[in-house]
Amino acid sequence: MSFDIALSGLGATNVQLNTISNNIANVGTSGFKEARTEFSAVYNGMQPGGVEVASISQNFDKNGQVSGTGRALDLAISGGGFFMTKDAAGQTLYTRSGVFNTDKDNNIISNGGMKLQGYGVDGNNRLQTGAVGDLKISTSSLAAKATDNLDFVANFDARVSQPVKADGTVLAFDANNPETFNSSYTTKVFDSLGNPHTVTQYFVKSGENEWDVHVQVDGGKVQVNGQKTYTYDVDFKQDGSLNAPVDAVDIAFAPPGAEAVTLDLKLKGSTQYGADFGVSTNNPNGYSSGQLAGVRVEDNGMVFATYTNGQSQLQGQVVLANFANPQGLVKTNNTSWMESFSSGAPVTGEPGNGIFGGLRSGALEGSNVDLTTELVSLMTAQRNYQANAKTISTSDKLTQTLFNAV
């Protein structure tokens, strides 16, 4: 009986040594979770029968250290959850390793070649929540968008006077003569082909709280509010707040080779105080065409393509999964796990929402193995193995003594 007990101890300790060796071997593996061999005593009726391995559990409660890498598609989960990936056979695998890149078709893939899963976008780049599929980065150029809106907020200097000649007569406006206007400001806008144009506004004090604004595009006159007046009026109340225009000012021009541009100029929030002329908001929309320059992933999993024109376009959203019993997951290659009956069905959701941790782009979660603890456990397992072997050796000597006495 003592032989069998000692043999069970050797077998169980050998499993423990395998677990410890695997932990040590993966101390540098991204997203790896340390394992622990758990034993239980065996009894045959009332008689001791040795030991057996009850289970090998993994520590999902402890996260590995997150280290910055500077790579946009390196992702780390700050909290609970797993990345969802699919292999070539269509099998869904779950991982904490956030080493991702793009393949030749611009699918986002892991270092094991598995495709990262998430919510995709439709033809208008609107997120399609609920439909989980392969995340892919579009390589097509971003088309130009013509400017059709300009938010412009400024303070008009209440201290200045209407430009006049030495004899007191009003100076006629001349864009080439700074003495005929009080201040000016230039805004860059774009047409449908992505060509830039300059919209210059010349501000002329025309009354106590009244201003004439002359508008030119690329040095030429334009239509304002559907009229070829090239100007619009701005009135202020006695407290300095804007009185008119209440609605947007329409500025229209026809660039060569492109569609006609109609620009809605909004001055809401502009003031007239006794301070220097200054612009606090100059926000035109529109942009030139752009080429794909990179990828950006935000904390909530939103994936954006970035372009050479400074714009970004949504490509999808990373989706995380979690389980009622992560210990029930089946371990497989590439630092991944598979769903099982014991783990339960996965619950999916957006990063940073509810039970799911947020994402950190440009960083990786390391292994949660504590090397010092593993080395101590290794020495303990070695001592246990030697002790069980000594039990067998002692039992053998006792048996030999019994045979010699017969």
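Does GLN291 fit the bill of being of a type in the set (S, T, N, Q) and surrounded by fewer than 19 Cβ atoms within 10 Å (Cβ to Cβ)? Taking the combined requirement at face value, the residue satisfies it.
Conditions tested, residue by residue: (1) without any contact (Cβ under 8 Å) to a residue 24 or more places away in the chain; (2) farther than 21 Å from PHE277 by Cα.
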site	(1), (2)
PHE173	no, no
PRO178	yes, no
ASP191	no, yes
PRO196	no, yes
THR200	no, no
LYS205	no, no
GLN227	yes, yes
PHE236	no, no
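Return the total of residues in the stretch 265-280 being of a type in the set (A, V, I, L, M, F, W, C), surrounded by 15 or more Cβ atoms within 10 Å (Cβ to Cβ) and outside any loop (DSSP other than H, G, I, E, B). Residues in the stretch 265-280 being of a type in the set (A, V, I, L, M, F, W, C), surrounded by 15 or more Cβ atoms within 10 Å (Cβ to Cβ) and outside any loop (DSSP other than H, G, I, E, B): 1 in total. Across the stretch 283-323, the number of residues qualifying as in a loop (DSSP other than H, G, I, E, B) and either more than 23 Å from GLY98 (Cβ to Cβ) or free of Cβ contacts under 8 Å to residues at least 12 places away in the same chain (or both) comes to 9. Scanning the stretch 42-97 for residues being among the hydroxyl-bearing types (Ser, Thr, Tyr), loosely packed, with under 15 Cβ neighbours inside 10 Å and under 30 Å from ALA387 (Cβ atoms) gives a total of 2. When only residues in the stretch 201-217 that are part of a strand (DSSP E or B) and of a type in the set (S, T, N, Q) count, which is nearest to SER183 (Cα to Cα)? That would be GLN201.
Quickly run through the stretch 234-264 and pick out the residues that are within 21 Å of GLY207 (Cβ to Cβ) and either assigned to a strand (DSSP E or B) or not assigned by TED's automatic domain parsing to the domain that holds VAL215 (or both). Scanning the stretch 234-264 gives VAL234, ASP235, PHE236, SER241, LEU242, ASN243, ALA244, VAL249. Restricting ASP148, ASP218, ASP212 to those that are of a type outside the set (A, V, I, L, M, F, W, C), out of contact with any helix residue (DSSP H, G or I) (no Cβ under 7 Å at 6 or more places or on another chain) and crowded, with 17+ Cβ neighbours inside 10 Å reduces the list to ASP212.
The values are calculated or read from the model by the stated rules, or taken from the named source; none is laboratory data. Given the structure is predicted, the values throughout are model-derived calculations rather than measurements. Because the Cβ atoms are built from the backbone with ideal geometry, glycine has one as well, and the counts that use them run over all protein chains shown.
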